[in-house]
Amino acid sequence: MKLTGIRTFVVGNPPPHNGGRYFVFVKLTTDGNVSGVGEAYCVPFEPHLVAKMIEDVFQRYLEGEDPHNIERMWRRVYSAGFTQHPDLTLMGVLSALEMACWDIIGKEAGQPVYNLLGGRVHERLRSYTYIYARPGDATDVYQDPELSAERAVEYVQQGFTAIKFDPAGPYTAFDGRQLSLEALDLCERFVKRLREAVGSKADLLFGTHGQMTAAGAIRLARRLEPYDPLWFEEPVPPDAPEEMAKVARATTIPIATGERLTTKYDFGRLLDAGAAAILQMNLGRVGGLLEAKKIAGMAEVRHVQIAPHLYCGPIVGAANIQLATCSPNFLIQESIERWQGFHSDILVKPIRWEEGYIIPPTEPGLGVELNEALIAKYPYRGTLLHLDMADRPL
């Protein structure tokens, strides 16, 4: 069996754009006409260029290869151009190609990927959602604790047992910083009001995006501790695990991080520093399924749990589900609400979500197929990036 064909899709995500402005998908085909799908997460270049990058890497390193040769292809791409270093762009590209190979491998074997990576451990997967804005909101749900609390109660009534929110304000290219007293007060009001609203029915996941210095994060953590969040997410920028470790040592709140890291080498440094209790690898960036499984194993040795990250499309979501299902140290999986709307429409068969839990598929491969007729109607024609940071200091 050999890889012979590739197609890429840059799909516009309609308003309200939950999961990002667009999704970059890839479809690989073998000489036996078996196909597999993958997705790249948040590569920091214009998405049509990203699609070209995926095609270039395929033609250089995967075309004509047996898709089973994951390790060999991975090492070649990881070392491409004499790099041999964790690179967010290259690993995002490789992640999409690697998960498409696993989709093919599973289909050839007639097994879901999780059965090929250790077997099913979890019958269902606990999931959480961000608190999302909705059309018609009179105020900003990210700045209004009352509206956010109302929405949290709605999510709990739907079945969610964990809710994530990020009231710590904008994140910028010039972070970390000290939050203002006003921002600290807002964060404390948020977590207090949400705890009052949901009680012990749901865990609170306090999200940040590296806004703070370690000292600033410790100041905030002390305000949050009385409300017992399940985690404090990425409190400092991801480039200094030793600084994040300072926060971890200074608070009782578990530290979660990893969405902006890639490969076992980045995560190895994080684990060696003792910087996190929960790893949030994104399967569309980390280096693919096998790399994520290795990281989960490294974490298991240290009694660290995994909570795969999702702020993109449902193909990464499907890969996350495969990893979570076969990982003993799985904690919780990010969902974008209940996988409904466009995230459901672009799949032939939607991801199954029931009363706060994802039900792992039993179909071979990743268990999902792209609805190519539907996504053809939603081309992304812009040039903006998947996500942005403020480009000036606050």
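The values are calculated or read from the model by the stated rules, or taken from the named source; none is laboratory data. Here the structure is a predicted model, which means the values were calculated and not measured. Please note: Cβ atoms are built from the backbone with ideal geometry, for glycine as well, and neighbour counts cover all protein chains shown.
Out of all the residues in segment 1-20, which are in contact with an Asp or Glu (Cβ under 8 Å, 6 or more places away or on another chain) and polar (S, T, N, Q)?
Scanning segment 1-20 gives Thr4, Thr8, Asn18.
Just to check your reading of the model, which residue among Leu184, Leu270 is out of contact with any Asp or Glu (no Cβ under 9 Å at 6 or more places or on another chain), part of a helix (DSSP H, G or I) and within 30 Å of Ala80 (Cα to Cα)?
From the options Leu184, Leu270, the qualifying one is Leu270.
So which residues in segment 171-194 are over 15 Å from Tyr142 (Cα atoms) and of a type in the set (A, V, I, L, M)?
If the condition is that a residue be over 15 Å from Tyr142 (Cα atoms) and of a type in the set (A, V, I, L, M), then Ala173, Leu179, Leu181 are the ones that fit.
Restricting to segment 276-295, count the residues that are assigned to a helix (DSSP H, G or I) and either among the β-branched types (Val, Ile, Thr) or over 23 Å from Val43 (Cα atoms) (or both).
Of the residues in that region, 1 qualify.
Conditions tested, residue by residue: (1) of a type outside the set (A, V, I, L, M); (2) assigned by TED's automatic domain parsing to the domain that holds Leu290; (3) surrounded by 17 or more Cβ atoms within 10 Å (Cβ to Cβ); (4) on the phi > 0 side of the Ramachandran plot.
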| residue | (1), (2), (3), (4) |
| --- | --- |
| Gly38 | yes, no, yes, no |
| Lys52 | yes, no, no, no |
| Val93 | no, no, yes, no |
| Glu98 | yes, no, yes, no |
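Looking at segment 91-130, which of its residues are in a loop (DSSP other than H, G, I, E, B) and in contact with an Asp or Glu (Cβ under 9 Å, 6 or more places away or on another chain)?
Arg124
Say we look at segment 259-273 and pick out the residues that are in contact (Cβ under 8 Å) with a residue 60 or more places away in the chain and not β-branched (Val, Ile, Thr); which of these is surrounded by the fewest Cβ atoms within 10 Å (Cβ to Cβ)?
Residue satisfying both the conditions and the ranking: Tyr265.
From the list Ala296, Ala240, Ala276, Ala256, which one is among the hydrophobic types (A, V, I, L, M, F, W, C), surrounded by fewer than 24 Cβ atoms within 10 Å (Cβ to Cβ), assigned by TED's automatic domain parsing to the domain that holds Arg124 and more than 12 Å from the chain's Cα centre (by Cα)?
Within the list Ala296, Ala240, Ala276, Ala256, the selection yields Ala240.
With the requirement that a residue be surrounded by 21 or more Cβ atoms within 10 Å (Cβ to Cβ) and either without any contact (Cβ under 8 Å) to a residue 60 or more places away in the chain or of a type in the set (Gly, Ala, Ser) (or both), what does segment 217-230 give you?
Answer for segment 217-230, where residues must be surrounded by 21 or more Cβ atoms within 10 Å (Cβ to Cβ) and either without any contact (Cβ under 8 Å) to a residue 60 or more places away in the chain or of a type in the set (Gly, Ala, Ser) (or both): Ala217, Leu220, Ala221, Leu224, Pro229.
Would you confirm whether any residue within segment 115-125 is surrounded by 16 or more Cβ atoms within 10 Å (Cβ to Cβ), in the same structural domain as Val198 (by TED's automatic domain parsing), in contact with a helix residue (DSSP H, G or I) (Cβ under 7 Å, 6 or more places away or on another chain) and over 30 Å from Ile104 (Cβ atoms)?
There is no residue in segment 115-125 that is surrounded by 16 or more Cβ atoms within 10 Å (Cβ to Cβ), in the same structural domain as Val198 (by TED's automatic domain parsing), in contact with a helix residue (DSSP H, G or I) (Cβ under 7 Å, 6 or more places away or on another chain) and over 30 Å from Ile104 (Cβ atoms).
Residues to consider are Asp103, Asp56; find the one that is closer than 27 Å to Arg352 by Cα, not small (Gly, Ala, Ser) and not assigned by TED's automatic domain parsing to the domain that holds Pro328.
One residue alone meets the criteria, Asp103.
Could you identify the single residue in Tyr61, Tyr78, Tyr22 that is among the aromatic types (Phe, Trp, Tyr), within 20 Å of Glu372 (Cα to Cα) and surrounded by 15 or more Cβ atoms within 10 Å (Cβ to Cβ)?
Tyr22
Out of all the residues in segment 194-216, which are surrounded by fewer than 17 Cβ atoms within 10 Å (Cβ to Cβ) and touching a residue at least 24 places away in the same chain (Cβ under 8 Å)?
Once the filter is applied, which keeps residues that are surrounded by fewer than 17 Cβ atoms within 10 Å (Cβ to Cβ) and touching a residue at least 24 places away in the same chain (Cβ under 8 Å), segment 194-216 yields Glu196, Lys201, Ala215.
From Arg151, Arg75, grab the single residue that is assigned to a helix (DSSP H, G or I), more than 30 Å from Glu196 (Cα to Cα) and without any contact (Cβ under 8 Å) to a residue 24 or more places away in the chain.
Within the list Arg151, Arg75, the selection yields Arg75.
What single numbered condition from (1) in contact (Cβ under 8 Å) with a residue 24 or more places away in the chain; (2) more than 17 Å from Gly284 (Cβ to Cβ) fails to hold for Ala80?
Result: Ala80 fails condition (1) only.
Within segment 135-150, is even one residue within 21 Å of the chain's Cα centre (by Cα), aliphatic (A, V, I, L, M) and farther than 16 Å from Leu224 by Cα?
No; the residues of segment 135-150 include none that is within 21 Å of the chain's Cα centre (by Cα), aliphatic (A, V, I, L, M) and farther than 16 Å from Leu224 by Cα.
Regarding Leu204, is this residue outside any helix (DSSP H, G or I) and within 18 Å of Glu146 (Cα to Cα)?
Against the criterion (outside any helix (DSSP H, G or I) and within 18 Å of Glu146 (Cα to Cα)), Leu204 qualifies.
Would you list the helices (runs of 4 or more DSSP H) that sit entirely within segment 302-380 and hold 2 or more residues that are surrounded by 16 or more Cβ atoms within 10 Å (Cβ to Cβ) and not acidic (Asp, Glu)?
314-325, 342-345
Can Gly32 be described as at negative phi, not in a loop (DSSP other than H, G, I, E, B) and not hydroxyl-bearing (Ser, Thr, Tyr)?
no
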